[in-house]
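Trainee: Quick one: the structure is below, questions incoming.
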Amino acid sequence: MRQQEIVIVGAGISGSVLAERYACQGKKVLVIEKRDHIGGNCFDYTDENGIIVSKYGAHLFHTNDREVWEYVNRFTIWQPWEHQVVARVDEQLVPVPVNRNTVNLMFGENLQTDQDMKQWLEKNRIPIDQPTNGEEAVLNSVGLELYEKLFKHYTKKQWDKYPDELDASVLNRIPVRLNEDGRYFSDRYQAIPIGGYTRLFERMLDHPNIEVMLNTDYADLRDDLTGFEKLFYTGPIDRFFEFKKNLQEKLEYRSIRFEFESLDMEFFQENSVVNYPGTEVDFTRIVEYKHFGNQKSSKTTISREFTVDHGDPYYPVPNPRNQQVYESYRREADKLSNVYFVGRLASYKYFNMDQAFRCSLDLYHQLEEESVVTTNTGLD
Ligand code: UDP
């Protein structure tokens, strides 16, 4: 029998923040991780070409949350990185999110000012009061042609659902710009960790009070874990209750299959991420890792991303049916004392990285009534 005070299931962002916080407070922490590495889906490594690649897809940190930004800076050094995405449409590369250049390139327009773009949108958008799903959200903001060419099929490939089967919030993640700003995000702080994300997690978890058990499924250990003060569960909430006969309805998650390829050429494509929003290919995007942080190598590594419904859960699927199923799990979760559900999979929310940091920090503060984050810089 193990005698840890704090048990944490999952060594991704949510679990690592709580582990780090409680360890600094002097608690003995046990982190149980099913995979053979820490870092969750942020995990990256240096491959045979000497390039840092992300095993589970590109992760671009961006936030307006100063406290979160200061927190992540305690553990590693970050370099500014303003992510840009282009989409391959009709044999040309156009900026995503939609901005003035996107419209000029796709429709042979010559819009010069924000006002020109505003007028173009007014002419083309289909006004819908309070869009109730992803299709209405896009039609309302950019109109039918951009919807068809950039969003409809990409979304079907990504979610195996058309935008009208998803909450408006999914498509509303992507803004529309009147100017020529080609950045994917607008946040104040945008950066990538020098040397990769794995190092960040190593430093967060490098504490004498933290024990990490890799290759360990919580379900196998559940009965041995007694006497703990608190348990934080960051895995899929429905899996936690798998043993309950009255809760059998499963939540939907999307997973990604990555096809990595090493190429004997300097660059494969001109940008780190190229989206393929059309039906001509099955994958959603190609990521060329070398671009991130301007890495040097005589070769390059790319990854094609195919979204699938089996495999490790990555994305919750936000729609009314899943929200309803989630609520039934949530009610069950609320009955437990000293067990807390936190993070993207356990909260069934499409969190960005900074939101995952924020939720864990908030939960910690709420439970420990501590407002100031203290000690452990994690830096050498
Ligand atoms: N999306 C799209 N076309 C694009 C980019 C995004 O239709 O070229 C839609 C798609 O439904 C996607 C959603 O917008 O799931 C949110 O995109 P985001 O880039 O935030 O997805 P993530 O990077 O989390 O996979």
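The values are calculated or read from the model by the stated rules, or taken from the named source; none is laboratory data. Owing to the predicted nature of the structure, the values given are computational and were not obtained by experimental measurement. For neighbour counting, all protein chains shown are included, and Cβ atoms are generated from backbone atoms with ideal geometry for every residue, glycine included. For accessibility, only protein heavy atoms count, side chains too; no ligands or nucleic acids. Shrake-Rupley method; radii C 1.70, N 1.55, O 1.52, S 1.80 Å.
Trainee: Along each principal axis of its Cα atoms, how long is the range 175-220 end to end? Whole angstroms, biggest number first, please.
Mentor: Reported extents, whole Å, longest axis first: 52, 27, 16.
Trainee: Just want the answer: with Cβ charges of +1 for Lys and Arg and -1 for Asp and Glu, which residue in Trp120, Pro95, Phe61 is farthest toward the dipole's positive end in the range 51-159?
Mentor: The residue sitting most towards the positive pole is Phe61.
Trainee: As a check on your grasp of the helix formula, calculate [θ] at 222 nm for the chain: sum -39500 (n - 2.57) over DSSP H runs of n ≥ 4, divide by the residue count, round to the nearest 500.
Mentor: On the way: 12 runs with 106 residues, N = 380.
Here the helix-only value at 222 nm equals -8000 deg cm²/dmol.
Trainee: Here is a further query. Counting only protein heavy atoms, what percent of the accessible surface of the chain is carbon or sulfur at a 1.4 Å probe?
Mentor: Values: 8070 of 17760 Å².
Percent of accessible area from carbon and sulfur atoms in the chain: 45.
Trainee: Would you mind estimating how fast the range 1-71 diffuses translationally, via Stokes-Einstein at 4 °C and 1.567 mPa s with the Kirkwood radius over Cα pairs, in µm²/s? Intermediate results must be reported in sequence, preceding the final value.
Mentor: Values: Rh = 14.1 Å.
Answer from the Stokes-Einstein relation: 92 µm²/s.
Trainee: Which residue fluctuates the most in the chain, going by a Gaussian network model with Cα springs under 10 Å, if the choices are Leu336, Leu146, Leu363?
Mentor: Result: Leu336 has the largest fluctuation of those listed.
Trainee: Something else now. What translational diffusion coefficient, to the nearest whole µm²/s, does the chain have by Stokes-Einstein, given a Kirkwood radius computed over alpha-carbon pairs, a temperature of 10 °C and 1.306 mPa s viscosity? If you can, show how the numbers build up before the last one.
Mentor: On the way: Rh = 22.3 Å.
Result for D is 71 µm²/s.
Trainee: Then there's this: Work out the charge dipole of the chain with +1 on the Cβ of Lys and Arg and -1 on the Cβ of Asp and Glu about the Cα centre, then indicate which of Cys359, Gly196, Met265 is farthest towards its positive end.
Mentor: The residue sitting most towards the positive pole is Cys359.
Trainee: Starting from the residue with the highest accessible area, list Ile77, Ile126, Ile38, Ile51 in decreasing order, probe 1.4 Å.
Mentor: On the way: Ile77 105, Ile126 70, Ile38 30, Ile51 0 Å².
In descending accessible area the options line up as Ile77, Ile126, Ile38, Ile51.
Trainee: Treating only the Cβ atoms of Lys and Arg (+1) and Asp and Glu (-1) as charged, compute the dipole magnitude of the range 246-320 about its Cα centre; round to the nearest 20 debye. Don't jump to the answer; show the numbers that get you there.
Mentor: Numbers: 8 positive and 13 negative charges, 48 e Å.
Charge dipole, the range 246-320, about its Cα centre: 220 debye, nearest 20.
Trainee: Beta carbons within 10 angstrom, averaged per residue: use that to sort the peptides 197-203, 20-26, 256-262, 212-218, highest first.
Mentor: Working: 197-203: 22.1, 20-26: 20.1, 256-262: 13.7, 212-218: 15.6.
Result, highest mean first: 197-203, 20-26, 212-218, 256-262.
Trainee: Quick one: net charge of Asp181's neighbours, Cβ under 10 Å, K/R +1, D/E -1? The partial results should precede the final answer.
Mentor: Numbers: positive: Arg100, Arg177, Arg183; negative: Glu82, Glu180.
Here the charged neighbours net out to +1.
Trainee: With +1 assigned to the C-beta of every Lys and Arg and -1 to the C-beta of every Asp and Glu, and no other charges, what is the dipole magnitude of the chain about the Cα centre in debye, to the nearest 20? Don't skip to the end; give the middle numbers.
Mentor: Values: 45 positive and 61 negative charges, 84 e Å.
Taking the Cα centre of the chain as origin, the dipole is about 400 debye.
Trainee: Then there is this: What translational D, rounded to a whole number of µm²/s, comes out for the range 7-138 from Stokes-Einstein when the hydrodynamic radius is the Kirkwood one over Cα pairs, at 4 °C and 1.567 mPa s?
Mentor: Taking Rh from Cα pairs, D becomes 66 µm²/s.
Trainee: How large is the accessible surface per residue of the range 18-118, computed with a 1.4 Å probe and reported in Å² as a whole number?
Mentor: For the range 18-118, the per-residue accessible area is 41 Å².
Trainee: Quick one: P(r) of the range 149-243 from all Cα-Cα pairs, 5 Å bins, percents rounded to integers, in order of increasing distance.
Mentor: Over the range 149-243, the share of Cα pairs per 5 Å bin runs 2, 7, 11, 12, 12, 14, 14, 13, 9, 4, 1, 0 percent.
Trainee: Still on this structure, please answer the following. For the chain, what's the relative contact order in percent, using C-alpha pairs closer than 8 Å and at least 6 residues apart? Show your work: numbers first, answer last.
Mentor: Numbers: 740 pairs, mean separation 101.0, N = 380.
With pairs under 8 Å counted, the relative contact order is 27 percent.
Trainee: Compute the Cα gyration tensor for the range 280-375, then decide on rounded, prolate or oblate, letting a ≥ b ≥ c be the square roots of its eigenvalues: rounded whenever a/c is under 1.5, prolate when a/b is larger than b/c in the other cases, and oblate in all that remain.
Mentor: Numbers: a/c = 3.76, a/b = 1.46, b/c = 2.57.
Here the range 280-375 falls in the oblate category.
Trainee: Further question on the same structure: Under a straight-distance cross-link criterion of Cα-Cα below 16 Å, which aspartates and glutamates are reachable from Lys299, leaving out those fewer than 8 residues away in the same chain?
Mentor: Straight-line reach from Lys299, under 16 Å: Asp47, Glu48, Glu261, Asp264, Glu266, Glu270, Glu288.
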